[in-house]
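The values are calculated or read from the model by the stated rules, or taken from the named source; none is laboratory data. On a predicted model such as this, the values are computed, not experimentally measured, just so you know. Cβ: placed from backbone, ideal geometry, glycine included. Neighbour counts: every protein chain shown.
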Amino acid sequence: MLILVTGVPGVGKTSIIKEGIKYIKYNFNILSLGDIILDIAKKNYNINNRDEIRKKLSIKDQLNLQMEAMKYVKDIEKNENIILDTHLVIESYAGFVPGIIRTFADILRPNGIVVITSDPDKIFLRRLKDMEIRGRDIENLKRIEIQQNLTIYFTTVFMFEYHTVVEIINNEEGLLDISSKKFAEFINKLIGNE
Amino acid sequence: MLILVTGVPGVGKTSIIKEGIKYIKYNFNILSLGDIILDIAKKNYNINNRDEIRKKLSIKDQLNLQMEAMKYVKDIEKNENIILDTHLVIESYAGFVPGIIRTFADILRPNGIVVITSDPDKIFLRRLKDMEIRGRDIENLKRIEIQQNLTIYFTTVFMFEYHTVVEIINNEEGLLDISSKKFAEFINKLIGNE
Amino acid sequence: MLILVTGVPGVGKTSIIKEGIKYIKYNFNILSLGDIILDIAKKNYNINNRDEIRKKLSIKDQLNLQMEAMKYVKDIEKNENIILDTHLVIESYAGFVPGIIRTFADILRPNGIVVITSDPDKIFLRRLKDMEIRGRDIENLKRIEIQQNLTIYFTTVFMFEYHTVVEIINNEEGLLDISSKKFAEFINKLIGNE
């Protein structure tokens, strides 16, 4: 079983996975798609860090690299349940780009997608701590909201194409424990019903 | 002509179809996808009620059963106009699941989809009367809103793939007559312009 | 490079393209899909104006006409960068219809889509000046909001299928210059990074 966990940066995705795994009654291998891509890039493409991927590799090589990562994940899934930490809609140097295009999705065919959401205002404050954005204004908030909504509604394509089950979990400030338990509960039910 | 009518439970979908049909100037056969699936399940799969479908049938058999239902509908459409009462996004035992996946949509290829919407608060109250949900809280309201929005934006895939015409009709409390007339007007225009 | 610019009527799309082009550092041919379709209709289908397309041509001929327009655009793109002014979700005589279906999108395969958005209230007022709508009521505002949201989330299909980069630019009243510069900045970055 392969479950994608997605959500915009600052939503608390990694914390929920880390905390939620404690309540999941089945064994799951937690993988980060970004880390897998970086590992393969270091090994096969002579890359040292994330920035170099976009700067040193051609678009074609970047797509090849991503394809290798997808196949790597799908290969592991033959023997293990996987929670894959990833993004569906990424804010790039220019506009929003997809985290997973059809070519990759046709390989992954995830059983479930969990979108972790949060109040755009809370997301903004968490990002501010990480110094990722400079000015706090309405425009930034609206942009976070758009990226979050694009992520949520992007999942309908997966529902339609791969019969993927989608869950939306709101991670409210200070309620990490509740959100994590909901996350675990969803996965327990999904795998229990397979 | 095949028109899907969809909307989250409690939105007043069935009432609008029942009332709206009076104002439609063409003959339409009103079918419920859920009823058709149940009928076929009883006949061919030794099933007695809806619950048994999920409990007694394998995923593979459930998909076969649904496929038979789609073909049944499409077969009727050769001779009759059909209004098909159905769901695009279903709240399941775990998360949201698609009511119609690509394999089925490629068969149905609906000419139109009507999404009946309503204020999440009104939907909540209607569901409460039916005892479907226990506590009235913000979380339940947000969940209804998400399911409703997933349903609305799911239709873009149908627009893109099958050139389906989409109409969104808001069913305001106490205005069933107006909503039903809008529903009929849409269908009259759609079929009149074919 | 082919960039679609889309947005509901009254959003200020044409103004932003006209103003924004001044700040784009590359040569772009600005085309309107509607104009191209009309030109071909006049030449090949004995049509005099937009209304006649729907009234005089069969659905099949309308689709053929649109297909010719798509191929015409894609042909020009071999030698020139194109900004294509178009619609993703159109409010028709009955319901919402897609501006670009898969058959056409598979030909266009746009590198980028810019969705120009605005506050539904502002859009309404601009349309009112153009006498396009009669009564100002909540229903009209809600309808504008739905069409705008359908347009925004329709783009996820393009992200998924064609790796299209999507940008959402909010055109605030009285800030045309700022919106136009953002529009140009997006295109400059996109083409600069190709």
Given (1) among the small types (Gly, Ala, Ser); (2) surrounded by fewer than 18 Cβ atoms within 10 Å (Cβ to Cβ); (3) farther than 27 Å from C:Val115 by Cα, index of the condition A:Ala69 fails: (2)
Some residue of region A:133-140 being of a type outside the set (Asp, Glu), at pLDDT below 95 and buried (at least 17 other Cβ atoms within 10 Å of the Cβ): yes
Residue that is surrounded by the most Cβ atoms within 10 Å (Cβ to Cβ), among those in region C:114-132 that are modelled with pLDDT of 85 or more and of a type in the set (Asp, Glu): C:Asp119
Pairs where the first residue, in region C:161-174, is at the interface with chain A (Cβ under 10 Å from one of its Cβ atoms) and farther than 15 Å from C:Glu185 by Cα and the second is in a loop (DSSP other than H, G, I, E, B) and modelled with pLDDT of 95 or more, C-beta under 6 Å, 6+ apart: C:Tyr162/C:Arg109; C:His163/A:Ile101; C:Thr164/C:Pro110
C:Lys22 being under 26 Å from C:Ser179 (Cα atoms), in a helix (DSSP H, G or I) and of a type in the set (Lys, Arg): yes
Matching residues in region B:153-167 - criterion: being surrounded by fewer than 21 Cβ atoms within 10 Å (Cβ to Cβ) and either touching a Cys at 6+ places or on another chain (Cβ under 9 Å) or not acidic (Asp, Glu) (or both): B:Tyr162, B:His163
Hey, C:Leu150 surrounded by 17 or more Cβ atoms within 10 Å (Cβ to Cβ), within 30 Å of A:Asp106 (Cα to Cα) and within 14 Å of chain B (Cβ to nearest Cβ) or not: yes
Selection status of B:Phe160, of a type outside the set (Asp, Glu), in contact with a Lys or Arg (Cβ under 8 Å, 6 or more places away or on another chain), over 21 Å from B:Leu84 (Cα atoms) and not in a loop (DSSP other than H, G, I, E, B): no
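Being more than 19 Å from C:Gly10 (Cβ to Cβ), hydrophobic (A, V, I, L, M, F, W, C) and away from every other protein chain (no Cβ under 12 Å) narrows it down to one of C:Ile53, C:Ile123, so name that one.
Numbers: C:Ile123 fails: more than 19 Å from C:Gly10 (Cβ to Cβ).
Exactly one residue qualifies, and that residue is C:Ile53.
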Residue count, region C:170-188 (criterion: surrounded by 23 or more Cβ atoms within 10 Å (Cβ to Cβ) and either touching a Pro at 6+ places or on another chain (Cβ under 9 Å) or of a type in the set (Val, Ile, Thr) (or both)): 1
Pairs with Cβ under 8 Å, 6+ apart, first in region A:89-116 and more than 10 Å from chain C (Cβ to nearest Cβ) and at positive phi, second part of a strand (DSSP E or B) and crowded, with 20+ Cβ neighbours inside 10 Å: A:Arg109/A:Leu2
Test: residue in region B:174-184 that is assigned to a helix (DSSP H, G or I) and β-branched (Val, Ile, Thr): yes
Verdict on A:Ser92 being hydroxyl-bearing (Ser, Thr, Tyr), under 18 Å from the mean Cα position of the chain (by Cα) and farther than 29 Å from B:Glu161 by Cβ: no
Scan of region A:76-131 for residues that are under 11 Å from A:Leu2 (Cβ atoms) and among the polar types (S, T, N, Q), ordered by number: A:Asn81, A:Thr86, A:Asn111
The listed residue being surrounded by 19 or more Cβ atoms within 10 Å (Cβ to Cβ), in contact (Cβ under 8 Å) with a residue 40 or more places away in the chain and under 16 Å from B:Lys74 (Cβ atoms), out of B:Ile3, B:Ile36: B:Ile3
Residue within region A:178-193 that is away from every other protein chain (no Cβ under 12 Å) and either closer than 21 Å to B:Lys60 by Cα or touching a residue at least 24 places away in the same chain (Cβ under 8 Å) (or both) present: yes
